[in-house]
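Here the structure is laid out as structure tokens; the discussion comes afterwards.
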Amino acid sequence: MDRKNAWSSYSDTDKQALEAISARYIDYISRAKTERECVKVAIELAEAKGYVNMKDVIAAGGTAKPGDRLYMDCMGKSLMLFIVGEESLEKGFNILGAHVDSPRIDVKQNPLYEDSDFAYLDTHYYGGIKKYQWVTLPLAIHGVVVKKDGTMVDVCIGEDDNDPVFSITDLLIHLAGDQMGKSARDVISGEQLDLMVGSIPLTEDDKSSVKDNVMKIMTEKYGFEEEDFLSAELEIVPAGKAREMGFDRSMIFGYGHDDRVCAYAQLEAMFAIEGVPAKTCSCILADKEEIGSVGATGMRAKYFENAVAELMALKGEYSELAMRRSLANCKMLSCDVSAGFDPAFGGQFERKNTAFLGKGVCYNKFTGSGGKSGSNDANPEFIAQLRKIMDDNNIHWQTAELGRVEAGGGGTIAYICALYGMEVIDSGVAVLNMHAPWEIISKADLFEACKAYKAFVLEA
């Protein structure tokens with residue numbers, strides 16, 4: 001029952017493959033820091049591997065046949081990939097599902113203001129964060145601004161070496177006596193997370209001149225007016241690239257491992273599949289998981305079900321009953337990260353049932369909190385099948401829970417997909433600093449996840 005460290009088993013060939021995947025992943029999460037960017041880059045990678053937009057096939061009156069590689073996006077913020085298999089879709093298919101949204105700080109719709117000769121953007125944080133972790137950091141702004149005529153302007157400021165960065169200020173320690181006496185929850189309030197963006201006045205006598213100067217710069221660079229903030233989607237994220245971590249370079253330090261490490265491992269698995277699989281293979285990159293999988297691009301929406309219906313129609317297999325049977329016959333890995341054991345906070349974990357960095361992909365039979373509330377609780381028959389697949393393919397894997405009983409908890413998209421009646425279990429990579437601006441994973445766990453996900457979609 002004691003899982004071995006994966007590094008001790010790797011050959012030189014394994015290490016070369018591991019390092020190649022890690023380098024590609026570092027590039028991916030450094031380029032893709034929002035859900036829109038994740039989907040855009042994933043589509044670029046998929047098209048390079050021969051995937052075709054399903055919407056184009058539908059518009060052209062085409063069909064789908066075994067071996068076809070198709071993708072369909074939802075509003076540019078969620079994405080599905082399919083490799084059509086030999087078997088009828090009604091018999092079900094094998095699904096990998098992860099989310100590509102991460103905790104961050106969002107810009108409000110009427111954000112720009114001035115106070116004491118500083119210009120700020122007003123914000124509202126997204127997902128579960130420790131607010132005090134986001135102050136005094138170099139931050140970047142990513143997103144889109146959509147004008148009334150429908151023109152979409154891409155915004156990315158703070159990533160290029162020649163770009164400025166932004167920051168949220170904190171009180172100096174010399175005056176922080178009262179602040180230091182507060183609970184961690186209250187040290188920084190949500191309304192204090194406003195982004196400082198400028199300090200040079202446009203004119204000497206205009207009371208809003210610093211704000212006006214910032215807007216002038218934005219208009220000259222991006223061509224939009226202040227009113228266009230009303231239809232903008234701007235996200236504040238840590239500035240800078242992901243990096244190798246440790247003297248031995250065994251770990252990766254970056255923003256958004258939760259859950260882009262699993263999303264990327266899914267892509268690697270799908271791209272590694274050659275020929276025509278027996279069952280249709282599918283990969284989902286979902287949005288809005290960090291706030292409950294809500295909205296048109298969250299997993300609670302029907303876009304995946306709709307895509308399955310379209311695929312069945314392209315194969316000439318669609319009926320309402322056939323689609324329902326197909327979804328019920330599916331098997332799925334809900335690919336989401338797990339809390340890695342941190343010796344500095346060991347009291348919050350139960351060691352026998354905890355994920356350790358470097359010991360491979362982890363399976364969470366259940367998540368939830370307070371007596372498994374809100375959890376998908378996977379069936380033992382399905383877990384037994386997964387055990388055989390993992391062991392037959394020499395994959396390092398472990399089981400885990402999200403901390404000790406009553407220490408807290410969390411959820412994934414697993415329980416939503418289980419509503420169709422399919423077999424689902426959570427499977428992911430262990431993470432340190434989860435939901436912090438900078439998180440940590442092991443390269444070995446990324447490598448094992450890629451292998452595990454490929455084995456699952458081909459053999460489940």
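The values are calculated or read from the model by the stated rules, or taken from the named source; none is laboratory data. Just so you know, these numbers come straight off a predicted model, no measurement behind them. In this analysis, Cβ positions are derived from the backbone assuming ideal geometry, glycine residues included, and neighbour counts consider all displayed protein chains. The accessibility values were calculated without ligands, DNA or RNA, using every heavy atom of the protein model including side chains. Shrake-Rupley method; radii C 1.70, N 1.55, O 1.52, S 1.80 Å.
Considering only protein heavy atoms, with the full assembly of protein chains and a 1.4 angstrom probe, order LYS221, LYS451 by accessible area, largest first.
If we order LYS221, LYS451 from most to least accessible, we get LYS221, LYS451.
Let me make sure I get this right: for the range 323-460, a, b and c are the square roots of the gyration tensor eigenvalues over alpha carbons, sorted descending. Under 1.5 in a/c it's rounded, otherwise prolate if a/b > b/c, else oblate. Which is it?
oblate
What angle, in degrees between 0 and 90 and rounded to the nearest 10, separates the Cα long axis of helix 35-48 from the longest principal axis of the Cα atoms of the chain?
50
Which peptide among 110-116, 306-312 comes first, and what is the full order, when sorted by highest mean count of other Cβ atoms within 10 Å?
306-312, 110-116
Show MET215, MET245 ordered by accessible area, largest first, where the area counts protein heavy atoms only and the probe is 1.4 Å.
Per-residue accessible area, sorted high to low, gives MET245, MET215.
In degrees from 0 to 90, rounded to the nearest 10, what is the angle of the helix 380-392 Cα long axis to the longest principal axis of the chain?
90
Before rounding to the nearest 500, sum -39500 (n - 2.57) across all DSSP H runs of length at least 4 in the chain and divide by the residue total; then give [θ] at 222 nm in deg cm²/dmol. Don't skip to the answer; put the middle values down first.
Numbers: 12 runs with 132 residues, N = 460.
It lands at -8500 deg cm²/dmol.
Mind putting together the pair-distance distribution for the range 1-50? All Cα pairs, 5 Å bins, whole percent per bin, short to long.
Histogram of Cα-Cα distances, whole percents per bin: 5, 16, 17, 17, 14, 12, 12, 6, 1.
State the dimensionless ratio Rg/Rh of the chain (Rg: radius of gyration of Cα atoms; Rh: Kirkwood radius).
Numbers: Rg = 23.1 Å, Rh = 23.3 Å.
So for the chain, dividing Rg by the Kirkwood Rh gives 0.99.
When we measure straight from the Cα of LYS365, which lysines land under 23 angstrom away, once same-chain ones fewer than 8 places off are left out?
Qualifying lysines at Cα under 23 Å: LYS4, LYS288, LYS331, LYS352, LYS388, LYS451, LYS454.
For the modelled label position 7 Å from the Cα of ASN393 along Cα-to-Cβ, which residues of the range 93-136 have backbone nitrogen atoms closer than 16 Å?
Output list for this probe position: 93-98.
In degrees from 0 to 90, rounded to the nearest 10, what is the angle of the helix 12-31 Cα long axis to the longest principal axis of the chain?
40
In what order, largest first, do ASP161, ASP248 sit by accessible area if the probe radius is 1.4 Å?
Greatest to least solvent exposure: ASP161, ASP248.
What is the distance, in nm, between label points placed 7 Å from the Cα along the Cα-to-Cβ direction at SER30 and at ASP154?
Simple spin-label model gives 1.8 nm for this pair.
Might you tell me the accessible area per residue for the chain, computed with a 1.4 Å probe and given in Å²?
Accessible area per residue: 45 Å².
Which whole-number percent of Cα pairs in the range 273-312 have a distance greater than 15 Å?
Beyond 15 Å sits 52 percent of the P(r) for the range 273-312.
By a straight-distance test (C-alpha under 30 Å), which lysines pair with LYS211 as possible cross-link partners, with residues fewer than eight away in the same chain excluded?
Cα-Cα hits under 30 Å: LYS33, LYS108, LYS130, LYS131, LYS147, LYS148, LYS221, LYS241.
Using a cut-off of 9 Å between beta-carbons, work out the net charge of the residues near TYR25 (Lys and Arg +1, Asp and Glu -1, TYR25 not included).
+1
To the nearest µm²/s, what D does Stokes-Einstein give for the range 185-229 at 37 °C and 0.692 mPa s, using the Kirkwood radius over alpha carbon pairs as Rh?
For these conditions, the coefficient is 267 µm²/s.
With charges only on Cβ, +1 for K and R and -1 for D and E, what is the dipole size of the range 243-351 about its Cα centre, in debye, rounded to 20?
Charge dipole of the range 243-351: 340 debye, to the nearest 20.
Straight distance only, please: which aspartates and glutamates reach the Cα of LYS55 with their own Cα at less than 13 Å, same-chain residues fewer than 8 apart left out?
The qualifying aspartates and glutamates are ASP73, GLU310.
Taking 37 °C and 0.692 mPa s as the conditions, I'd like the Stokes-Einstein D for the range 42-154 in µm²/s, using the Kirkwood hydrodynamic radius from alpha carbon pairs.
178
Antiparallel DSSP bridges in the chain: what percent, to the nearest 5?
Of those bridges, close to 70 percent are antiparallel.
Can you give the relative contact order of the chain as a percent, counting alpha carbon pairs under 8 Å and 6+ residues apart?
23
Over the Cα atoms of the range 134-181, what Rg and Dmax result, in angstrom?
Here Rg and the maximum Cα pair distance are 17.0, 51 Å.
Return the tail of the calculated pair distribution for the range 281-348, meaning the percent of Cα-Cα pairs more than 13 Å apart.
Percent of Cα pairs beyond 13 Å in the range 281-348: 73.
Take THR169 and ASP2, extend 7 Å from each Cα along the Cα→Cβ direction, and tell me the distance between the two endpoints in nm.
That separation, rounded to one decimal, is 5.4 nm.
Tell me, what is a quarter of the convex hull surface for the C-alpha atoms of the range 382-443, in nm² with one decimal?
Hull-based average projected area comes out at 6.0 nm².
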